[in-house]
Amino acid sequence: MDFPLVLVVLTFACGLGWLLDVLVFQKPRKQKISEMRTKLGIKATDTPSSEQQEVLDKLAREPYLIELGKSFFPVFFVVLVVRSFVAEPFQIPSGSMLPTLKVNDFILVNKFEYGLRLPVAGTKVVPYKDPARGDVMVFKFPNNPKINFIKRVVGLPGDRITYKDKQLFINDKLVEETLIQPPSLQNRMGSYTEQLGEVSHQIYKASSMARVNKTWTVPEGHYFVMGDNRDNSNDSRFWGFVPDELVVGKAFAVWMHWEGIFNLPSFSESRWIE
């Protein structure tokens, strides 16, 4: 289900129903009420009896769908505005961003960080900032825009990106890494600190052979992204670049971790995302 599209349709339908009621249906209702007051002999200064008031209330009652739409329109509208232009929650489905983000972390994404975009269409109408190197970015998967992906921005437009023997080079310069925990027989995953632009963060690299050795040049209006779990991430090394029109926003916080319906949500690991 395309939830943003459903939300837009529901908001539009409820708002349209409200507008039609104001422009089309209210006047006939008021006319019927006026005619009934005359028929019942109720003057403008009179207070109707309980029986008379019940009759008038029935005539004043809005159609059920109109009443329902008016009730839900403010809720749908607020959710649409907040979700489209302010912040949106997402759940992490895989371990491609370990150790930064765990499976079943619930994150918040800043929708305005990279400019104001129209809901559903994703067209940028108010430019603000472009994605920066090191940002953790949510975007629509280029091969299937119905799916949201989350990766770290590595390459900006015009950059030359090389990944060779598990070493990352940007514009032919080796990206700095500091060893935290080397791979071992018990744990084949080594932990490192990596410096991308202004962002220092941790990555995982396995002791296995490199899956890819290649050089890319990032086109204008596109970004090269990678997962922090370098040997367990389906990212730009395998399917290419992220066009700007598919960018959703910048992930900035983990607000909850929830393993599933048989576990209680945990807020103890709430944190800012680096």
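The values are calculated or read from the model by the stated rules, or taken from the named source; none is laboratory data. Keep in mind that this is a model prediction, so the values were computed, not measured. Using ideal geometry, Cβ is built from the backbone for each residue, glycine included, and neighbour counts are taken over all protein chains shown. For accessibility, only protein heavy atoms count, side chains too; no ligands or nucleic acids. Shrake-Rupley method; radii C 1.70, N 1.55, O 1.52, S 1.80 Å.
Relative contact order, whole percent, for the range 120-274 stands at 25, derived from Cα pairs under 8 Å and 6 or more residues apart. The C-alpha radius of gyration of the chain, expressed as a fraction of 2.2 N^0.38 Å, stands at 1.49. Report the local net charge at MET189: Lys and Arg +1, Asp and Glu -1, summed over other residues whose C-beta lies under 10 Å from its C-beta. That works out to +2.
Projection of the Cα convex hull of the range 114-241, averaged over all directions and equal to a quarter of that hull's surface, yields 8.4 nm². Against the chain, whose longest principal axis is taken from its Cα atoms, helix 26-40 shows a tilt of about 30°. Here the spin labels are modelled as points 7 Å beyond Cα on the Cα-Cβ line, and at ARG211 and GLN195 they lie 2.8 nm apart. For the range 154-274, a crude dipole built from +1 on the beta carbon of Lys and Arg and -1 on the beta carbon of Asp and Glu, taken about the Cα centre, is about 440 debye to the nearest 20.
Computed with the Debye formula from one identical point scatterer per Cα of the range 138-203, without solvent, the log10 of I(q)/I(0) at q = 0.14, 0.22, 0.24 Å⁻¹ comes to -0.58, -1.04, -1.09.
Per the Debye calculation on the range 1-91 with a single equal scatterer at every Cα and no solvent contribution, log₁₀ I(q)/I(0) for q = 0.12, 0.17, 0.25 Å⁻¹ amounts to -0.55, -0.78, -1.17. The relative contact order of the range 221-274, computed from alpha carbon pairs under 8 Å that lie at least 6 residues apart in sequence, is 26 percent. Solvent exposure of the chain amounts to 58 Å² per residue of accessible area, where only protein heavy atoms count and the probe is 1.4 Å. Could you give the angle, 0 to 90 degrees to the nearest 10, between helix 50-60's Cα long axis and the longest principal axis of the Cα atoms of the chain? So the inclination is approximately 50 degrees. Of the accessible area of the range 55-161, computed with a 1.4 Å probe over protein heavy atoms only, carbon and sulfur atoms account for 65 percent.
Would you please give the FRET efficiency between PHE90 and SER34, computed as 1/(1 + (r/R0)^6) with r the Cβ-Cβ distance and R0 = 51 Å, to the nearest 0.05? Efficiency at R0 = 51 Å is approximately 0.45.
Cα axis of helix 64-81 to longest principal axis of the chain: angle in degrees, 0 to 90, nearest 10? Between helix and principal axis, roughly 30 degrees. Note on ASN104 and ALA13: the model spin-label points, each 7 Å out from Cα along the C-beta direction, lie 3.4 nm apart.
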